[in-house]
Amino acid sequence: MTTGDPLGTAGPLGPPPVLRRDRAVYEEHSPARSRTIWLRPVDPALDADVALVHRWMHEPHVAEYWDMAWPAERIRAYLQHHHDDPTRAAQLGWVDDEPVGYLEVYDPAHDLLGAHYSVQPGDIGAHVLIGNRDYLGRYSVSLGRAVTRFLFRPPGVARIVGEPDVRNHKLLSLLAFLGYRKEGEIDLPEKRAALMVCERAAFERLGSRRRSRTGDGRRAAEGFARMADPS
């Protein structure tokens with residue numbers, strides 16, 4: 001017998017997440033949280049991964065800006081496209097054994113964004129979301145720093161670029177706190193976007209200054225997290 005919901009996504013949880021920690025492409029320990037943040041590739045053939053992304057795309061705080069509250073099989077096809085495209089990669093973000101977010105990495109020269117700004121050698125693009133509401137606010141800074149360090153890990157990457165919705169003030173504030181700067185605004189087919197850029201040298205300088213003032217840096221991060229927490 002078949003059903004209209006083969007992945008079980010109609011329920012409150014869907015299939016249980018599958019860790020696959022052995023496939024991690026990046027991990028770091030967060031001293032401030034005493035927990036490990038790590039990333040692994042999304043597997044579009046794995047029902048649990050599809051169900052997880054599907055559920056997050058239907059969360060109101062995500063759907064408002066991503067506009068991807070699609071049926072599960074359309075989500076699977078989207079993830080498969082990213083899996084098959086050598087200029088793109090999709091990752092799941094975890095804190096210990098809990099899935100918390102989704103990351104897309106892409107080459108802006110092969111993306112719609114590349115037609116709206118001057119792509120430079122060493123540019124890499126990223127889309128990111130925190131789908132697990134329990135990790136909004138208080139973990140945003142730790143997760144944002146971890147993702148940025150992951151994106152800068154390849155030595156050839158000089159800049160990270162992104163195009164968040166101009167209405168997404170919390171994400172824009174987080175990016176500014178992390179060292180991203182707004183280069184301007186651009187009109188994309190589905191939104192008015194802020195062109196955000198983070199240069200490797202600027203990110204490293206900011207991190208170095210904050211490490212030299214550990215107490216002040218931690219208090220600033222905690223204060224930002226309290227402001228960003230929607231609860």
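For the reader, a short list of remarks on this structure follows.
- For Arg35, distant residues with modelled amide H under 5 Å away: Ser30
- Farthest positive-ward along the chain dipole, Cα basis, beta-carbon charges - from Met57, Phe203, His110: Phe203
- FRET efficiency estimate (nearest 0.05) - Cβ-Cβ, Arg23 to Ala63, R0 25 angstrom: 0.35
- Grouping the Cα pair distances of the range 31-94 into 10 Å bins from zero gives a pair-distance distribution of 21, 46, 26, 7 percent in increasing distance order.
- Area projected by the alpha carbon convex hull of the range 21-228, averaged over all directions, nm²: 11.2 nm²
- Selection from Pro86, Val128, Thr148 lying farthest towards where the dipole of the chain points positive, charges on Cβ: Thr148
- Just checking the listed ones, Gly184, Gly93, Gly125: in the Gaussian network model of the chain with Cα springs under 10 Å, the one fluctuating most is Gly184.
- Packing order of peptides 68-76, 50-58, 158-166, highest average first: 50-58, 158-166, 68-76 (average count of other Cβ atoms within 10 Å over each peptide's residues).
- Peptides ranked, highest mean first, by Cβ atoms within 10 Å: ranges 129-136, 143-150: 143-150, 129-136
- The chain, relative contact order in percent, only Cα pairs under 8 angstrom and at least six apart counted: 14 percent
- Among 190-197, 25-32, the peptide with the highest mean count of other Cβ atoms within 10 Å heads the list, and the full ranking is 190-197, 25-32.
- Inter-part distance where the range 36-98 and the range 110-154 are each reduced to a Cα centre, Å: 15 Å
- Cut-off 14 Å, label 7 Å out along Cα→Cβ of His116, residues of the range 154-197 by amide N: 161-168, 183-197
Read the figures in this text as sums done on the coordinates, not as results from a lab. Here the structure is a predicted model, which is why all the values come from computation and not from measurement. Cβ atoms come from the backbone with ideal geometry, glycine included; neighbour counts cover every protein chain shown.
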